[in-house]
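Participant: Have a look at this one.
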Amino acid sequence: MFKLSTSQTCPLCPQVYSALHIFPGCQHTQIRNMITERHNLACRMIFKAISKTSSLGSCVISIDIGSNERMTIQNLQIFETAESRNIPKWLFPPRFPDKDRFTSSRPDFVLVTPIAAKTRKQQTNVGGWVLRSGRGQLRENGSISAASPATSRATNPRQHRPKDLSKPRRDIHLVKNKYCEDTRPQNQLNAAKEQHKDLCNILQGASVTLHIILLGVGGTIYNTHTLKPYKGIGF
C-alpha cells in the first residue's frame with residue numbers, strides 16, 4: 001500500500017500482512033514476545049485502575065498479565081487474594097480434576113464480589129454481554145429484561161474475603177482484553193466468547209459474567225466494546 005514492500009506476506013511468517021497481524025496475530029518467535037508484552041501492558045494499566053478502587057482490588061483472585069518483575073516495574077502490588085495465575089480450586093465443582101483446572105482457559109483477571117441475597121438466583125447481564133446464572137447455559141443477551149433485574153452488590157465488599165463467600169453469594173467476573181481490527185471488532189469478540197465459554201459454564205457462583213474489552217489496533221476506543229465492559233466491572 002505504501003510501496004515499501006513487493007508482497008502482501010509478512011516478512012517473518014507466511015501469513016497475510018495486516019495491522020491485526022502485527023499487533024496480536026504474528027506467531028513468529030522474533031515478535032511473539034513483543035505482542036504478548038503489548039497485551040500485558042494494556043492489562044496492567046487496567047489492573048492499575050482496579051487497584052485504585054479498594055472495593056474491587058480486594059476482590060481480585062487471579063491475574064495473568066505478566067511476571068511479578070513486570071508488575072514491580074509499574075509499581076503494581078499483587079493482592080493477597082490473587083493466589084496465582086490459575087483460577088483457585090474453590091471456584092470449581094467438587095472433585096473437579098486439577099489437570100483440567102490447570103489447562104482450562106485463563107482470563108486476564110478474575111474477580112469475585114458479593115451478591116445481594118435478594119438477587120441470588122436471578123439472571124441479568126452486565127455491560128450487555130455474557131452471563132450465566134447458577135449452572136445454566138452461557139447466553140448472549142443485549143439487554144436486561146424486566147423479569148431479570150440487574151445484580152446489586154453488597155454495600156461494602158471489603159467486609160468479605162472472596163474465598164469466604166458461599167456459592168450463592170459469589171458474583172464472578174472474568175475480564176479479557178483483546179486487540180481487534182478497528183472497523184471489524186466482531187471476529188475477536190466472538191473468539192474471546194468461544195475461548196472462555198466452557199469456563200463460564202463450569203465455575204461455581206450465583207452468576208458468571210465475561211467482560212470482553214476490545215482495543216482497536218489503530219487506537220479505536222469503542223463505546224460498546226470498551227467503555228461498557230469497564231462499567232460492568234464496577235468502574
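The values are calculated or read from the model by the stated rules, or taken from the named source; none is laboratory data. Keep in mind it's a predicted model, so treat the numbers as computed, not measured. No Cβ is skipped: glycine too gets one built from the backbone with ideal geometry, and neighbour counts run over all protein chains shown.
Participant: Looking only at residues that are among the polar types (S, T, N, Q) and part of a loop (DSSP other than H, G, I, E, B) in region 1-17, which one is surrounded by the most Cβ atoms within 10 Å (Cβ to Cβ)?
Facilitator: Ranking the qualifying residues of region 1-17, first place goes to Gln15.
Yes or no, residue by residue, for (1) assigned to a loop (DSSP other than H, G, I, E, B); (2) polar (S, T, N, Q):
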{"position": "Lys163", "(1), (2)": "no, no"}
{"position": "Asn187", "(1), (2)": "no, yes"}
{"position": "Ala191", "(1), (2)": "no, no"}
{"position": "Gly205", "(1), (2)": "yes, no"}
{"position": "His211", "(1), (2)": "no, no"}
{"position": "Leu215", "(1), (2)": "no, no"}
{"position": "Gly219", "(1), (2)": "yes, no"}
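Participant: Restricting the first residue to region 24-44 and requiring it to be touching a residue at least 24 places away in the same chain (Cβ under 8 Å) and under 23 Å from Pro14 (Cα atoms), which pairs with a second residue that is of a type in the set (A, V, I, L, M, F, W, C) and assigned to a helix (DSSP H, G or I) meet a Cβ separation below 6 Å and a spacing of at least six or different chains?
Facilitator: Within 6 Å, the pairs are Pro24/Ile35.
Participant: Inside region 18-38, can you point out the residues that are under 15 Å from Gly218 (Cα atoms) and in a helix (DSSP H, G or I)?
Facilitator: Across region 18-38, the qualifying residues are Ala19, Leu20, His21, Ile22, Phe23, Pro24, Gly25, Ile35, Arg38.
Participant: For region 173-229, enumerate the residues that are farther than 16 Å from Phe23 by Cα and acidic (Asp, Glu).
Facilitator: Glu194, Asp198
Participant: Let me ask another. Condition (residue is surrounded by 12 or more Cβ atoms within 10 Å (Cβ to Cβ), among the hydrophobic types (A, V, I, L, M, F, W, C) and over 15 Å from the mean Cα position of the chain (by Cα)) applied to region 59-77: is it met by at least one residue?
Facilitator: Yes, the conditions are met somewhere in region 59-77.
Participant: Quick check: is even one residue across region 165-184 part of a helix (DSSP H, G or I), surrounded by fewer than 17 Cβ atoms within 10 Å (Cβ to Cβ), charged (D, E, K, R) and at pLDDT 90 or above?
Facilitator: yes
Participant: Check region 43-64 and report whether any residue there is closer than 28 Å to Asn187 by Cα, among the hydroxyl-bearing types (Ser, Thr, Tyr) and outside any loop (DSSP other than H, G, I, E, B).
Facilitator: For region 43-64, residues closer than 28 Å to Asn187 by Cα, among the hydroxyl-bearing types (Ser, Thr, Tyr) and outside any loop (DSSP other than H, G, I, E, B): present.
Participant: Right, next: Please go through region 177-235 and pick out each residue that is over 21 Å from Ser105 (Cα atoms), in contact (Cβ under 8 Å) with a residue 12 or more places away in the chain and of a type in the set (Lys, Arg).
Facilitator: Result: Lys228, Lys231.
Participant: Within region 107-125, is there a residue that is at pLDDT 85 or above and either out of contact with any Leu (no Cβ under 8 Å at 6 or more places or on another chain) or part of a loop (DSSP other than H, G, I, E, B) (or both)?
Facilitator: Yes.
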